[in-house]
Protein chains: 2
Amino acid sequence: MIKVLGVEHIGIALDKNEQLSKVLKDVFNLEHIGSEIIEEQGVNTDIFNVSNTKIELLESISKDSPISKYISKYGKGMHHIALIVEDINVAIEHLVSNNIVMIDEKPKVGVEGYKIAFIHPNSTPGLLIEICQK
Amino acid sequence: MIKVLGVEHIGIALDKNEQLSKVLKDVFNLEHIGSEIIEEQGVNTDIFNVSNTKIELLESISKDSPISKYISKYGKGMHHIALIVEDINVAIEHLVSNNIVMIDEKPKVGVEGYKIAFIHPNSTPGLLIEICQK
């Protein structure tokens, strides 16, 4: 069984993080937790604390990254939500047994060392969902 | 000064809420808080509890609703985040004085009776932001 504990972050796909990052920091006074490059996914991230969850800005640093492909197809904008689950392996098993198609059938390592797995967007039409476990 | 208290909800623009609603309820076991029609905005909403925040599915019930126009232009998908602020009037004043353009310069009434105001997306490129106060 899956146990969803909350939304870990909301991911935004951007060409450049700079402009939105500046507004979130200087106008909305959100705390900038940090920046991290995830080479494997070809992205540079900027993470902001919004008290109950986080906003993750995703800037593509490689032409064939998933973010770059997404922007070519849909333009920049809100990309995915990450749901924290109690046990990611149990969650994947539960989802697959309910005919949900996983992009990642085994967890990989994401930002801040979380175990993460993406669900195929066709299984949750209109909302790309990442599941993650700290 | 603006004081952001958290993300109240994440809004998803859909032609029909049914398919994603069913998956969130039956597969992810999220609590369905309720459905509400907001005539003024031409939408039918389905709201889910995700512990620390909410997911709001927005189905257009009018051809000239903002959601309908959004879907025509960008397709269905993640639409906006709503940030809870301590005082919405103070927040609007702060944003305007920082050259942020408001769609709603005065708060209007949204789902669950919240006072809400949308920011023009050109001011926060890549992320449509609603601010709200309970």
Test B:ASN44 against the stated conditions and say whether it is in a strand (DSSP E or B) and open to solvent by 30 Å² or more (accessible area, probe 1.4 Å).
-> yes
Going by the structure shown, is A:ILE84 at pLDDT 95 or above, farther than 29 Å from B:GLN19 by Cα and in a strand (DSSP E or B)?
-> no
Within the stretch B:90-100, which residues are surrounded by 17 or more Cβ atoms within 10 Å (Cβ to Cβ) and closer than 27 Å to A:LYS16 by Cβ?
-> B:ALA91, B:HIS94, B:LEU95, B:ILE100
Evaluate the stretch A:101-117: report whether one residue or more is open to solvent by 30 Å² or more (accessible area, probe 1.4 Å), facing another protein chain (nearest Cβ under 9 Å) and either touching a Ser or Thr at 6+ places or on another chain (Cβ under 8 Å) or modelled with pLDDT of 95 or more (or both).
-> no
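Residues are listed down the side, and each one gets a yes or a no for (1) free of Cβ contacts under 8 Å to residues at least 24 places away in the same chain; (2) small (Gly, Ala, Ser); (3) assigned to a helix (DSSP H, G or I):
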site	(1), (2), (3)
B:ALA91	no, yes, yes
B:LEU95	no, no, yes
B:ILE100	no, no, no
B:GLU105	yes, no, no
B:GLU112	no, no, yes
B:ILE116	no, no, no
B:ASN122	yes, no, yes
B:GLY126	yes, yes, no
B:GLU130	no, no, no
Inspect the stretch A:8-29 for any residue being open to solvent by less than 60 Å² (accessible area, probe 1.4 Å), away from chain B (no Cβ under 12 Å), of a type in the set (A, V, I, L, M, F, W, C) and touching a residue at least 60 places away in the same chain (Cβ under 8 Å) and give the result as yes or no.
-> no
Please find, within the stretch A:71-89, the residue that is surrounded by the most Cβ atoms within 10 Å (Cβ to Cβ) out of those that are touching a residue at least 12 places away in the same chain (Cβ under 8 Å) and more than 13 Å from chain B (Cβ to nearest Cβ).
-> A:ILE88
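The values are calculated or read from the model by the stated rules, or taken from the named source; none is laboratory data. Keep in mind that this is a model prediction, so the values were computed, not measured. Neighbour counts are summed over all protein chains in view; Cβ atoms, including those assigned to glycine, are modelled from backbone coordinates with ideal geometry. The accessibility values were calculated without ligands, DNA or RNA, using every heavy atom of the protein model including side chains. Shrake-Rupley method; radii C 1.70, N 1.55, O 1.52, S 1.80 Å.
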